[in-house]
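> Have a look at the structure that comes next, please.
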Amino acid sequence: MISIETFFLDQTAPGTLQSRIQQMVAEGILQGRFRPGERLPSSRKLALHLGVSRITVTLAYTELVADDYLSARGRSGYYVSENAPEPPAFPARKPDNSTVDWPNLIGDKAPSLFLEKPSDWATYKYNFIYGQADPSLFDTANWRLCALQALGKRDFDSLTADRFDQDDPQLIDFIARQTLPRRGILANPDEILITMGAQHALWTCAQLLLGAGRKAAIENPGYPSLRSIIEGTETSCTHVNVDAEGLPPDSIPNGTNVVFTTPSHQCPTTATMPLARRHELLDRAEAEDMLIVEDDYDFEMSFLRPPSPALKSLDRTGRVIHVGSFSKSIFPGLRLGYLVGPAPFIAAARSLRASVLRHPPGLLQRTTAYFLSLGHYDALIRRTSRTYHERRKELDRAIDLHGLAVAGGGAYGGSAIWMHAPGVNTTDLAVSLRAQGVLIEPGAAFFGQSDGPDAFYRLAYSSIPVGRIQDGVALIAKGIKQG
C-alpha cells in the first residue's frame with residue numbers, strides 16, 4: 001500500500017477540494033511515485049489524514065477510475081491502474097546555461113503592452129481598474145447551463161468539428177439578426193467574422209490594410225494596444241489629437257489610407273462623436289479613398305441615454321469596417337469579438353485567421369450563442385447597466401465632494417471616467433495609492449509620444465462596490481494634494 005504520509009494537500013492551490021485531491025493523486029502517478037498495481041489508502045483513512053469529508057475523497061477516486069488512473073477492486077479498495085499513464089523513461093531537465101543571446105535575437109519584435117494590469121486586482125479594496133468582471137453581476141448559473149447544453153450530444157459537431165475557416169452559424173445568426181440591428185447595421189453572414197476579442201479584430205485589420213508605404217491615423221490619446229499593433233506593421237502612423245467631440249476629421253493628414261477611431265465612446269476620454277462630424281468623416285473618406293476602422297466597444301453600457309448610431313450604419317459606400325466584442329459585456333476572459341465589413345474584406349480576414357488559429361473554439365462560440373439567444377445576455381446587460389448607473393452617480397458625487405477634475409465623463413454612460421490632475425505625475429500617484437489598496441490607471445500610456453502628458457488618469461467603476469467608492473476617491477484626492 002502507498003504510505004498515507006506521502007499525500008499532502010496544498011491549501012493554497014486553486015480549485016475545489018475534489019479537484020485538488022484528483023490532481024494530487026494524478027501527479028503522483030505521472031511523476032512515477034505511485035506505480036501500477038499499488039493500493040491507495042482507503043477513502044476513510046485519506047479523508048481523515050487530509051481533514052476533508054469521506055465523500056469528497058470517494059468522488060475524487062471515482063473520477064480517477066473513470067479516467068483510468070485508478071481501478072476499483074470490489075471490497076479491497078482502489079489501486080493504481082495498469083493502464084495509467086507512465087512517467088517518462090528519461091529524466092526531465094533544463095539547460096544548465098543558455099548560450100543564446102535572446103535579447104539581441106528578438107530585438108524590438110516583441111510589442112509593448114503599455115498598460116499594466118495587476119493580476120491580483122481583485123484583492124485591492126478600492127479597485128478602479130478598467131474592464132474587469134464583477135462576479136456579483138454575472139449570471140454564473142445560466143452560463144453554466146448554456147455550457148452544459150453546448151456540451152450535449154445534439155451539439156457534438158459544433159464542439160468537436162474543425163470548421164477550418166468557418167464560424168458557429170447560430171452565433172453568426174444572432175449577431176446578424178439581433179446585435180447589429182441594434183447599432184443600425186444590416187449585414188449578411190458572409191460580411192461577419194468571429195474573432196478572439198476586439199484586439200484580434202484590430203490586429204486583423206492592421207495586417208490586411210497596412211504595411212510599408214501605407215499611412216494610418218489613430219486617436220491621441222487612444223487605445224495603447226492599437227498603437228502597439230500598428231507599430232508592428234512598418235506603417236507610417238499619425239496620432240491625431242481628439243477634442244470634446246472625439247476625432248476631428250479635418251485634422252487627419254492628407255494621404256492617410258486607414259483611420260482607426262472609437263466614435264461612440266472614445267478611448268479613453270469617453271467623448272462621443274456627433275452625427276454631423278460622423279458624416280464629415282465619411283465624406284472625407286470617400287473623397288480621399290480612405291478606409292475607416294470603427295471600434296464600437298462599450299456601446300451596451302449606455303445607461304444615461306440611448307447609444308448613438310454606429311458609424312457603420314451611416315456608411316453607404318463600404319468604407320467602414322466595424323469591430324465589436326462580447327468580452328466587455330459578458331466577461332473579459334471570453335475573448336470573443338467580431339468584424340463586420342464588405343464581403344471581400346471578410347473573406348480575406350477569414351483566410352488570415354485560418355492561417356493563424358483556424359477559428360475560435362467551437363464550445364465558446366456555441367455556449368455564447370445559447371447565452372445570447374435564450375435571453376440571458378439581455379438580462380445581464382440590464383442588470384449591469386442599473387448597477388453601473390448607481391456606481392456612476394456615487395462616483396460623480398465623490399468627485400464633486402473632493403474637488404477632483406473630470407476631463408471626460410461620457411454623455412451616454414460607459415464604465416469609466418477620464419480624469420485630470422494638473423501638476424501631478426499620475427504614474428507616481430498610482431504607485432503610492434497602490435500601497436493604500438487603491439488601483440487607478442495612469443494616463444501616460446494612452447498618448448502617442450514617449451513624453452506625453454502624465455497628469456491624466458482613468459477611474460473605472462465596473463468592479464468596485466458602491467459602498468467603497470467614496471472612501472476610495474477620498475484616498476485619491478488626498479494623494480493628489482500630497483503629490
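Okay, residues lined up against (1) more than 29 Å from residue 426 (Cα to Cα); (2) free of Cβ contacts under 8 Å to residues at least 60 places away in the same chain; (3) surrounded by 13 or more Cβ atoms within 10 Å (Cβ to Cβ); (4) among the β-branched types (Val, Ile, Thr):
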site: 127; (1), (2), (3), (4): no, no, yes, no
site: 138; (1), (2), (3), (4): yes, no, yes, no
site: 205; (1), (2), (3), (4): yes, no, yes, no
site: 210; (1), (2), (3), (4): yes, yes, yes, no
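> Being among the polar types (S, T, N, Q) and in contact (Cβ under 8 Å) with a residue 40 or more places away in the chain is the filter here, so list the residues in region 317-374 that pass it.
Within region 317-374, the subset among the polar types (S, T, N, Q) is 317, 325, 327, 329, 351, 355, 365, 367-368, 373.
Listed by number, the residues that qualify are 325, 327, 329, 351, 365, 367, 368, 373.
> Among (1) more than 30 Å from residue 315 (Cβ to Cβ); (2) at pLDDT 90 or above; (3) in a loop (DSSP other than H, G, I, E, B), which single condition is residue 89 missing?
(2)
> Taking the condition in a strand (DSSP E or B) and within 20 Å of the chain's Cα centre (by Cα), does residue 381 pass? First the steps, then the outcome.
Working: in a strand (DSSP E or B): no; within 20 Å of the chain's Cα centre (by Cα): yes.
No: the conditions fail for residue 381.
> Further question: Would you tally the residues in region 28-66 being under 30 Å from residue 93 (Cβ atoms), in contact (Cβ under 8 Å) with a residue 40 or more places away in the chain and not aromatic (Phe, Trp, Tyr)?
Here the count works out to 10.
> Could we say that residue 291 is over 25 Å from the mean Cα position of the chain (by Cα), touching a residue at least 40 places away in the same chain (Cβ under 8 Å), over 21 Å from residue 415 (Cβ atoms) and surrounded by 17 or more Cβ atoms within 10 Å (Cβ to Cβ) here?
Here the answer is yes, as residue 291 does meet what is asked.
> Given the criterion assigned to a loop (DSSP other than H, G, I, E, B) and small (Gly, Ala, Ser), identify the matching residue among 60, 84, 47, 26.
Sole residue among the options that is assigned to a loop (DSSP other than H, G, I, E, B) and small (Gly, Ala, Ser): 84.
The values are calculated or read from the model by the stated rules, or taken from the named source; none is laboratory data. Keep in mind it's a predicted model, so treat the numbers as computed, not measured. Backbone-built Cβ (ideal geometry, glycine too); neighbour counts: all protein chains shown.
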